[in-house]
Amino acid sequence: MLIGILAAVFAALAYGTASVLQARGAQSVDDTGAGPGEAPSLRSTIAAMLTVAFIAGMALDGIGFLGNLVAARMIPLFLAQPIVSANLVVTVVLATIVLKARLSQRDWTAIGVVVVALVLLGFAAGDEGRKHEWWLHWAVLVAAVVILGLGAAILPRMQSRVAVLAGLSGGVSFGVLAVAVRVLDGLDPFDLGELFTDPALYAIILSGPGGFYMFTVALQKGAVSAASASLVVGETVVPGVVGIVVLGDTVRAGWGPVAVIAFVAAVVGAVVVAMSPVVEQVERAGENAPVA
């Protein structure tokens, strides 16, 4: 379990640092061709993507994704996903150093709640479930297709509440990805034929870009705070519940109430952090490039 927890923490650190580096790279490029409120020019976008900070951020995103995959395989999802979603805590703390942002007392309180809650979750977590019912492999693929299809068809045409719904859809997509990673066959022991014939693999391939697409729509259509908060709820609550109810993730004997309270506190704390103006500052800075 220790390796899985370390992998989740590493993913959170990588994701959070990547966001700040990408924002820093975007901020370092002047766009003299765009007026106030206008979209950045293609030239400035390319220039931002070629900065050392932005490239380093992209590399960390890739490394963080690998850590996320390891965590989803090795520890209960109700522990793995809240830890990974704590990347927003890393983002806002680093933003105070790199981007000279300032955190409010509410932000610092929420950060403290998240840290304490995750520690308690770590103590309360039992073994990860290893139930691999055949239907679940197809269910995650169907869910990935449905979420992405509905999002692509409906979200761009909506006029209100787009940020909340798109952010939530993106979060659920990432949650589906976590479940698919847990049930994926052909990894242990490694079997290339079994891996490529498992529907869960294609759920992973769809859910990653699909979740990113949904979150991008959310940022374009509404407030960053609404998008980020909804994303956190979707990527933690859904896989956490599925992990316990369907996959068989367990809690240590006598630690059930602690686990429930800690899980809720971690999610609520992460939502409060997501609504911080500092997150808005980081995400908006990153709009000079196609990655937030």
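The values are calculated or read from the model by the stated rules, or taken from the named source; none is laboratory data. A quick note: this is a predicted structure, and the numbers were derived from the prediction, not measured. Note that we place each Cβ from the backbone using ideal geometry, even for glycine, and neighbour counts take in every protein chain shown. Accessible surface areas use protein heavy atoms only, side chains included; no ligands, DNA or RNA. Shrake-Rupley method; radii C 1.70, N 1.55, O 1.52, S 1.80 Å.
Farther than 30 Å from Ile5 by Cβ and modelled with pLDDT of 90 or more: does that describe Val146?
yes
Residues to consider are Gly171, Gly129, Gly149; find the one that is surrounded by fewer than 20 Cβ atoms within 10 Å (Cβ to Cβ) and touching a helix residue (DSSP H, G or I) at 6+ places or on another chain (Cβ under 6 Å).
Gly129
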Listed by range, helices (runs of 4 or more DSSP H) wholly within region 186-288 having at least 1 residues that are hydroxyl-bearing (Ser, Thr, Tyr) and open to solvent by 40 Å² or more (accessible area, probe 1.4 Å) are 199-221
If we keep just the residues of region 57-114 that are among the charged types (D, E, K, R) and either more than 17 Å from the chain's Cα centre (by Cα) or more than 23 Å from Ala23 (Cα to Cα) (or both), which is surrounded by the most Cβ atoms within 10 Å (Cβ to Cβ)?
Asp107
